[in-house]
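The values are calculated or read from the model by the stated rules, or taken from the named source; none is laboratory data. In this text, all values refer to a predicted model and were calculated from it rather than measured experimentally. Cβ atoms come from the backbone with ideal geometry, glycine included; neighbour counts cover every protein chain shown. Side chains included, ligands, DNA and RNA excluded: accessible areas come from the protein's heavy atoms. Shrake-Rupley method; radii C 1.70, N 1.55, O 1.52, S 1.80 Å.
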Amino acid sequence: MNAKKIMGAVLVALLAAALFVGAGAAADSQGSFFFYESGLSGLDGVWKNGANEINIEGGVVYPVGTALVEGTYKKGDKTVDIYKPSVAYAINASINNVPYLVGADGVIFANSKINVTASPLSDKSGFDVEFTVTYPNGSVVTDGNPWEATSTGTEIKETGVYKVQAVFGKTNFVPGVPDDILIDENVFTFTVVSAEKASLSLSADTAYNLETITITLVGTPGKTYTITADGFEISNKQVVKYNGDSTPATGKYNYTIPNTGKAVIYATVNKTLIIGDDDKEVATIALTAGTGKFNDEELELTIAPPVVTATLGAASYFVGEDIEISGTSTSDVKPADFKFNISGTNIKEYELSTIDNTDFKGKEWEITLSTGKKLDVGTYTIKIYQGDDVVKTLPVALKQPFISIIDAPEVIVQGTEANFIINAEAAGTVIKAYFFGTNYFHIENGNVEDEDIPNEFTVTLTDVETKATAMAAGQYFAVFQHPMYDKKFNIEAEETGAFYLNTSGNGLVAPHQLLFNATDRQTANAAQALCDALDTQNIDDMYVKYSFFVAGEDESFTMSEIPSEVVKGDELVISGVSTANAGNTITVEMISTAFAAIPKEEVSSAAFIVVTTEVAKDGTWEVTLDTSDLNVDEYAVTVICEGNEKPWKNVKVNVVEGADTPDTPDTPDVPDTPDTPDTPTEPTTPGFGALAALAGLGAVAVLLLRRE
């Protein structure tokens, strides 16, 4: 068995013994003993370890059968640990009056003074133990312990491998015990090497720039060695259990071996090679002691360019958006190892600023960067530097952010919650929403709701906000605002309706200027005034606009379906029944929903029709709208009954162009036929149509045309 295995077995045995002692109170351990050991008292009886048994009889440990199986044996709640006769070996060494540790490899330097001890693995004392020693020259000597423990130890000079085996005397064992039982199976081995011998080893044959490797130096404790590095530098020196020379000569690093006999040096390769270059360099590492050189201790280290990969988090980014890059490297990297530059048309190369670089894990890395400038849309090049070398180039496209409506209600019933879903790319965390209505103005913020859906914002009008006392029935306009590149709302409003402009910051922050007040303008004019202000190129904000209706709830009537589309020139007939409103006036409005202010040179630019009629005694009513003079456009049709605060109906109708009618050929003249007497007409009973006709005769129609 080699020295490492022996020492390992010894340590395991010692640890097991310690554990047995520590657990004695719980397991009621009676101690550790050998087969055929005598002189035990109070332990007679049969003890079991699974299928194995021992018998302690007359104070002597006997195996039951011929097998000697080591282990823990039990009898009731008591235990004993039984071993074949064996010892735990230990060795102490010093050289030049410097004690040093002998590791598991059992290496000792010649001219050292050593003590070798053997401790029997039994709780009894007074065992007679001698050594059988096999010397490096092959001779075997049984002469007790040639390295008895003394205060100074015994000097050992001959180099080579020594083997030590313990042999027990018979005095502590049953008479007649076989001689081979008394020989320890374990052989303790140690090696004596020349004090002039030293060795170097490297953790790798190939290293990359900025990669850390280890150089292991084994030598005589207390002796100073010099490592010479030719072709690269050792930087960031760290030595385990030892401090290296703080001011070494260039390319030379001095180390005095500690009492461990070993120095482990962590060296960072500082030799830059151009990435992509096929050439590799070879560095030599030589070991000297004083003026002498150990020619056989010269190692070679191949220095190769590191291989770096890099990938953009997305193929393109919005202008002003943070850029994510991740990658790998064949050498360990940290944020300081990399530099990220960007260049493009008319843009001199400059370094990107770091937002987050916490995710660097050995040979894997990820970083978040900001352009730091308001670049134009287009394609740019990101260069990744490691040291002074470009290790990777990445093309990145920067595109214009945009704002659009994903989903929005056309009609909101009073007292119900309404959500407007907006897509606002690279807007940050919030957008603005402004709502305009008749004698009404309100501001809402839209916030990112779900990180899994980037750029999606939700603007909510609560049921409290849409109730009849807050938002009256009618048409409303909304403007949704994107802060764009600077993440600032350059135009902002107070709830009072006052809008302010700040070209370099948020609109409500001084220095700013008052633009207008929404309460001083009619609904569409105020909304259009905001859009016109946002259209200025002095600011970068963008917007999208929308119109919708707020309708009341009333189920005390029935009404014919109003079509969503009518051909220009066709009549639009709307009728209904409301028995609770006989004699009351019905007003039907058809008003353009065009999102535009009223031009100042005209009285009105919104084409609309207003028709009224009276509900008949039986509750029926009907109106006819002539669309001949309307423009092709979208219109809102509202039905309102006198005495009701809420409209009965609020729908949108599109007036579209009709298809061209082909010319009809002239009809040939037909000879006159004799006149036929008129057939008398049978009287009809007045009903829904007649009442509607009568009602229509009393209707008042107003038509105002919008300029083409």
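For (1) touching a helix residue (DSSP H, G or I) at 6+ places or on another chain (Cβ under 9 Å); (2) modelled with pLDDT of 90 or more; (3) outside any helix (DSSP H, G or I), each residue gets a yes or a no:
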position: Met7; (1), (2), (3): no, no, no
position: Val10; (1), (2), (3): no, no, no
position: Val21; (1), (2), (3): no, no, no
position: Ala26; (1), (2), (3): no, no, no
position: Gly31; (1), (2), (3): yes, yes, yes
position: Val46; (1), (2), (3): no, yes, yes
position: Leu68; (1), (2), (3): yes, yes, yes
position: Tyr73; (1), (2), (3): no, yes, yes
position: Tyr89; (1), (2), (3): yes, yes, yes
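Condition check ((1) touching a residue at least 40 places away in the same chain (Cβ under 8 Å); (2) surrounded by fewer than 17 Cβ atoms within 10 Å (Cβ to Cβ)) across all residues:
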position	(1), (2)
Glu495	yes, yes
Ser504	no, yes
Val509	no, yes
Leu514	no, yes
Asp520	no, yes
Ala527	yes, no
Leu530	yes, no
Ala533	yes, no
Met542	yes, no
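Of all residues in the stretch 182-195, none are open to solvent by 40 Å² or more (accessible area, probe 1.4 Å), modelled with pLDDT of 85 or more, touching a strand residue (DSSP E or B) at 6+ places or on another chain (Cβ under 7 Å) and of a type in the set (D, E, K, R). In this structure, Gly160 qualifies as modelled with pLDDT of 90 or more, loosely packed, with under 15 Cβ neighbours inside 10 Å and within 29 Å of Ala198 (Cα to Cα).
Looking at the stretch 405-418, is at least one residue part of a loop (DSSP other than H, G, I, E, B), polar (S, T, N, Q) and within 30 Å of Ser203 (Cβ to Cβ)? No, the stretch 405-418 has no match at all. Per the conditions (1) part of a strand (DSSP E or B); (2) touching a helix residue (DSSP H, G or I) at 6+ places or on another chain (Cβ under 8 Å), the sole criterion not satisfied by Ile574 is (2). Look at (1) within 30 Å of Val46 (Cβ to Cβ); (2) open to solvent by less than 60 Å² (accessible area, probe 1.4 Å) and you find that Ile95 fails only one, number (1). One residue alone among Lys348, Lys392, Lys374, Lys339 is crowded, with 18+ Cβ neighbours inside 10 Å and either of a type outside the set (Val, Ile, Thr) or in a strand (DSSP E or B) (or both), and that residue is Lys392. Going through (1) surrounded by fewer than 19 Cβ atoms within 10 Å (Cβ to Cβ); (2) among the β-branched types (Val, Ile, Thr); (3) touching a residue at least 12 places away in the same chain (Cβ under 8 Å) one by one, Ile453 falls short only on (3). If Tyr317 satisfies every condition in (1) assigned to a strand (DSSP E or B); (2) open to solvent by 40 Å² or more (accessible area, probe 1.4 Å); (3) at pLDDT 75 or above; (4) more than 18 Å from Thr212 (Cα to Cα) but one, which is the exception? (2) is the only condition that Tyr317 fails. The residue pairs whose first member lies in the stretch 248-265 and is over 24 Å from Leu101 (Cα atoms), whose second member is open to solvent by 10 Å² or more (accessible area, probe 1.4 Å) and modelled with pLDDT of 70 or more, and whose beta carbons are closer than 6 Å, counting only pairs six or more residues apart or on different chains, are Pro248/Asn254; Lys252/Thr226; Lys252/Thr228.
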